[in-house]
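Read the structure below first, then the notes.
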Amino acid sequence: MTTIALDAMGGDHAPRVEIEGAILAAREFGVRILLVGIEDQVRQELSRHRLDGLAIEVVSASEVITMSDAPSQAFRRKKESSVHVAARLVRDGQAEALVSAGNTGAVMTVARFVIGTLPSVDRPALAAAFPNMKEKISVILDVGANVDSKPTHIEQFAVMGEIYYRAIWGVKRPRVALLSIGEEEAKGNELTREAAALLKQLPLNFTGNVEGRDIFRGNVDVVVCDGFVGNIALKLSEGLVEHIGAMLKKAIKSSLTSKIGYALSKRAFDDFRKRTDYSETGGAPLLGIRGITIIGHGRSNPNAIKNAIRVAAELCRSRINEKIEQELSAAATVSARG
């Protein structure tokens, strides 16, 4: 049975949402969940539910890292926070994965320095899933773990992202592309041009450069970039989805008079909302960490927590870290020969 350490105090509505999501995941996926948090609060919330023999246990933590805490200060000063304790469970082999909807910067810092990175990984990368026009998923990384990246880091992001896509969506040869300001090889900055040269040497299905709009067209599966650009792309996309959703809702309410027309338009709007619902993908994996780490949105609902646990369990069962180590070692050999 896969064991997941869940930061029960991370999200905006913790611990209620985390506990409800944990119960859903334990029932549906058969995983063992360690709820890490302020014990009295966690047990009080648990008492409202029937657990029916589910593999859910409580692990006490005495502190909480809030969204307003500076990541570096929280890492140093709150050593007994729920995310610290959960990370130590993974580090010490008592759990295989860490899931948290808490302060993203703090979770990344704790995961990197408490659990540690894989031997072949220079920088871990945060991967985000986007629905595309072909009703499939495109993944972009890094979306914020690294503000500054080197070409060799982007090379590693490509390997890790490709393995992640294979593990979760079952595509044997995902199409990998580099985010730039134009499809032509000569376009871009020094970083993208040097990274492209490295990506060409890898045994990946590398299709070349893509522009920002191509992320949503569905012609590529994995898009790599540095974390500064990736985070802007992520936040811009989230804002655009919310804006379009609000515009559609307003238009439906104001312009339709017939009941049939309203029903059809509302059905289309509901389909749009479901396809762009972040809770269906659960959270973003921090690839390259020794233990699987999934970071959810602060406003995650129970469905998002459930799906974050699902992704964590799937990555554990696919032995993704072993594959990353193997393929990064092979990539390093190719680069040395080049």
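The values are calculated or read from the model by the stated rules, or taken from the named source; none is laboratory data. Values in this document were obtained by computation on a predicted structure and should not be read as measured data. As a convention, Cβ positions derive from the backbone with ideal geometry for all residues, glycine included, and neighbour counts pool all protein chains shown.
Return the residue satisfying two criteria in turn: it lies in region 175-232 and is part of a loop (DSSP other than H, G, I, E, B) and in contact with a strand residue (DSSP E or B) (Cβ under 6 Å, 6 or more places away or on another chain), and of such residues it is surrounded by the fewest Cβ atoms within 10 Å (Cβ to Cβ). So that I can check it myself, show each step before the final result.
Our first condition is that a residue be part of a loop (DSSP other than H, G, I, E, B); within region 175-232, this holds for 180-189, 202-204, 211, 217-221, 225-226.
Now narrow it down to the ones that are in contact with a strand residue (DSSP E or B) (Cβ under 6 Å, 6 or more places away or on another chain): 180, 183, 204, 220-221, 225.
On the way: Ser180: 23, Glu183: 13, Leu204: 21, Val220: 23, Asp221: 23, Cys225: 28.
Per the stated criteria, the residue is Glu183.
From the list Gly102, Gly116, Gly144, exactly one residue is surrounded by fewer than 19 Cβ atoms within 10 Å (Cβ to Cβ), touching a strand residue (DSSP E or B) at 6+ places or on another chain (Cβ under 8 Å) and not charged (D, E, K, R). Which is it?
Numbers: Gly102 fails: surrounded by fewer than 19 Cβ atoms within 10 Å (Cβ to Cβ); Gly144 fails: surrounded by fewer than 19 Cβ atoms within 10 Å (Cβ to Cβ).
Exactly one of Gly102, Gly116, Gly144 is surrounded by fewer than 19 Cβ atoms within 10 Å (Cβ to Cβ), touching a strand residue (DSSP E or B) at 6+ places or on another chain (Cβ under 8 Å) and not charged (D, E, K, R), namely Gly116.
Take the residues in region 300-338 that are polar (S, T, N, Q) and at pLDDT 90 or above; name whichever of them is farthest from Gly282 (Cα to Cα). Even if it seems obvious, please write down each step before you answer.
Filtering region 300-338 for residues polar (S, T, N, Q) gives 300-301, 303, 307, 318, 321, 326, 329, 333, 335.
Filter again for at pLDDT 90 or above, leaving 301, 303, 307, 318, 321.
Details: Asn301: 9, Asn303: 7, Asn307: 4, Ser318: 18, Asn321: 20 Å.
It comes out as Asn321.
Report those strands (runs of 3 or more DSSP E) wholly inside region 73-171 carrying at least 2 residues which are under 14 Å from Pro285 (Cα atoms) and in contact with a Cys (Cβ under 9 Å, 6 or more places away or on another chain).
Details: elements: 97-100, 125-131, 137-141.
Answer list for region 73-171: 137-141.
Going by the structure shown, is Ile33 in contact with a Leu (Cβ under 8 Å, 6 or more places away or on another chain), farther than 16 Å from Gly283 by Cα, part of a helix (DSSP H, G or I) and modelled with pLDDT of 95 or more? Steps first, answer last, please.
On the way: in contact with a Leu (Cβ under 8 Å, 6 or more places away or on another chain): yes; farther than 16 Å from Gly283 by Cα: yes; part of a helix (DSSP H, G or I): no; modelled with pLDDT of 95 or more: yes.
Taking the combined requirement at face value, the residue does not satisfy it.
Among the numbered criteria (1) over 25 Å from Ser329 (Cα atoms); (2) in contact (Cβ under 8 Å) with a residue 24 or more places away in the chain; (3) in contact with a Gly (Cβ under 9 Å, 6 or more places away or on another chain), which single criterion is violated by Gly188?
(2)
Please state which of the following conditions Arg88 fails to meet, knowing it meets all the rest: (1) under 24 Å from Ile232 (Cα atoms); (2) crowded, with 19+ Cβ neighbours inside 10 Å; (3) not aliphatic (A, V, I, L, M).
The one condition Arg88 does not meet is (1).
Can you find a residue in region 2-10 that is farther than 28 Å from Ser68 by Cβ and either surrounded by fewer than 19 Cβ atoms within 10 Å (Cβ to Cβ) or assigned by TED's automatic domain parsing to the domain that holds Arg310 (or both)?
Of all residues in region 2-10, those farther than 28 Å from Ser68 by Cβ come to 2-3.
Now drop any that are not either surrounded by fewer than 19 Cβ atoms within 10 Å (Cβ to Cβ) or assigned by TED's automatic domain parsing to the domain that holds Arg310 (or both), which leaves 2-3.
Among the residues of region 2-10, at least one is farther than 28 Å from Ser68 by Cβ and either surrounded by fewer than 19 Cβ atoms within 10 Å (Cβ to Cβ) or assigned by TED's automatic domain parsing to the domain that holds Arg310 (or both), which makes the answer yes.
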